[in-house]
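Enquirer: Sending over a structure as C-alpha cells; questions will come in a sec.
The values are calculated or read from the model by the stated rules, or taken from the named source; none is laboratory data. The model shown is predicted, which means the values in this text are computed figures rather than measured ones. Positions of Cβ are backbone-derived with ideal geometry, glycine not excepted, and every protein chain shown enters the neighbour counts.
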Amino acid sequence: MVQQERAIRTRRVILEAAAATFDEHGYESTTIAEILERAEVTKGALYFHFSSKGDLARGVLAAAVTTGGVRPHALKLQELADAMLLLAFRLPREPMLSAALRMAVDPRTRRRFGTAWPEWAEVMADLLREAKARGEVLAHTDEEEVGRMIVSAWTGVRVVTEGLPGAYDLPGEIARLLRLLLAAVATPAVLPRLEISAARAARLYADTPTGRAEAAGSVPCGITA
C-alpha cells in the first residue's frame with residue numbers, strides 16, 4: 001500500500017512538472033531533461049509512468065478536466081456556474097490547467113493531441129440535463145448545444161482578455177459571461193437564486209485542499225495538492 005501511494009505521488013509530481021514546463025515554454029520547446037530536472041526524479045521513474053513526452057501531454061489534457069472544489073448544491077445550474085467560475089480562479093494558479101489551454105490553442109499540439117474541450121462540453125451538458133430534469137432550465141434548451149457554447153465562450157473570454165490592454169480579472173469576466181448566458185436558459189424562478197460572482201469563486205477555492213494549503217503557506221502557488 002505504501003509503495004502504491006508513493007507511485008501515485010511520483011506520477012503526480014512528474015505530471016505537475018511537465019505541465020509547468022509546457023506552460024512556460026510550450027510543448028514543442030520542452031525537453032524531457034527539463035521535466036526531469038523540475039520533477040527531481042530519475043529518467044527510469046519518468047518512463048515507468050509515461051512512455052513519452054506525448055504521453056505526458058495527453059496526461060496533462062486529461063487531468064485538466066476537473067470539477068474539484070464544486071460543492072453539491074440544491075440547484076444544478078449553481079454547480080455549473082461554480083465549475084466555470086472555479087476554473088477561471090484556478091487557471092492562473094495551476095499550471096496543469098493553463099498548460100492544457102496553451103496546448104489547446106496551439107495548432108501544432110492541437111492537431112497531435114486534440115483538446116479537453118469536448119470533455120468539458122459534455123460536463124456542462126450533463127449538468128444542464130440534470131438541471132432540466134429538476135425544472136431549472138427552459139424546456140426548449142438543447143443541452144449539448146448550450147454546453148458547447150458555454151465552453152466556447154469561456155475559452156474566448158480567456159484568450160481575448162489576455163490580449164487586451166489593461167488588467168482583467170478572469171473570474172469577474174467569466175461571472176459576467178455566465179450571467180448573460182444563463183439568463184437565456186434558466187427558468188425565471190431559478191435565475192434570481194443563482195450566485196454568480198468572482199467572490200464566490202474565491203470562497204470555493206479557499207475551501208479546496210490546494211486553497212487551504214496555499215493559505216497556510218505549505219504549498220507553493222501553482223502546485224496542486
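Enquirer: Are any residues in region 127-168 in a loop (DSSP other than H, G, I, E, B) and not β-branched (Val, Ile, Thr), and if so, which ones? Step through it out loud before you land on a result.
Expert: Initial filter on region 127-168 (in a loop (DSSP other than H, G, I, E, B)): 134-136, 138-142, 164-168.
The answer is ARG134, GLY135, GLU136, LEU138, ALA139, HIS140, ASP142, LEU164, PRO165, GLY166, ALA167, TYR168.
Enquirer: Touching a Leu at 6+ places or on another chain (Cβ under 9 Å), in contact (Cβ under 8 Å) with a residue 12 or more places away in the chain and assigned by TED's automatic domain parsing to the domain that holds THR115: does that describe ALA83?
Expert: Against the criterion (touching a Leu at 6+ places or on another chain (Cβ under 9 Å), in contact (Cβ under 8 Å) with a residue 12 or more places away in the chain and assigned by TED's automatic domain parsing to the domain that holds THR115), ALA83 qualifies.
Enquirer: Determine, yes or no, whether GLY156 is surrounded by fewer than 14 Cβ atoms within 10 Å (Cβ to Cβ), out of contact with any Leu (no Cβ under 7 Å at 6 or more places or on another chain) and either in the same structural domain as LEU86 (by TED's automatic domain parsing) or at positive phi (or both).
Expert: Yes: the conditions hold for GLY156.
Enquirer: For region 64-71, indicate whether the set of residues that are under 17 Å from PHE22 (Cβ atoms), modelled with pLDDT under 95 and assigned to a helix (DSSP H, G or I) is non-empty.
Expert: Among the residues of region 64-71, not one is under 17 Å from PHE22 (Cβ atoms), modelled with pLDDT under 95 and assigned to a helix (DSSP H, G or I), which makes the answer no.
Enquirer: Also: Hey, can you tell me all the residues within region 1-31 that are within 18 Å of TYR47 (Cα to Cα) and either in contact with a Phe, Trp or Tyr (Cβ under 9 Å, 6 or more places away or on another chain) or among the polar types (S, T, N, Q) (or both)?
Expert: Hits for region 1-31 are GLN3, GLN4, ALA7, THR10, ARG11, ILE14, LEU15, ALA18, THR21, TYR27, THR30, THR31.
Enquirer: Do we have any residue at all in region 72-95 that's farther than 20 Å from LEU127 by Cα, out of contact with any helix residue (DSSP H, G or I) (no Cβ under 9 Å at 6 or more places or on another chain) and outside any helix (DSSP H, G or I)?
Expert: no
Enquirer: Whether any residue in region 31-40 is within 18 Å of ALA62 (Cβ to Cβ), in contact (Cβ under 8 Å) with a residue 12 or more places away in the chain and among the acidic types (Asp, Glu) is what I want to check.
Expert: Within region 31-40, not a single residue is within 18 Å of ALA62 (Cβ to Cβ), in contact (Cβ under 8 Å) with a residue 12 or more places away in the chain and among the acidic types (Asp, Glu).
Enquirer: Hey, another quick one. Please enumerate the residues belonging to region 178-203 that are in a loop (DSSP other than H, G, I, E, B) and either surrounded by 14 or more Cβ atoms within 10 Å (Cβ to Cβ) or of a type in the set (Asp, Glu) (or both).
Expert: Correct list: VAL185, THR187, VAL190, LEU194, GLU195, ILE196, SER197.
Enquirer: Is at least one residue of region 60-81 under 25 Å from GLU173 (Cα atoms) and in contact with a strand residue (DSSP E or B) (Cβ under 7 Å, 6 or more places away or on another chain)?
Expert: Scanning region 60-81, I find at least one residue that is under 25 Å from GLU173 (Cα atoms) and in contact with a strand residue (DSSP E or B) (Cβ under 7 Å, 6 or more places away or on another chain), so the answer is yes.
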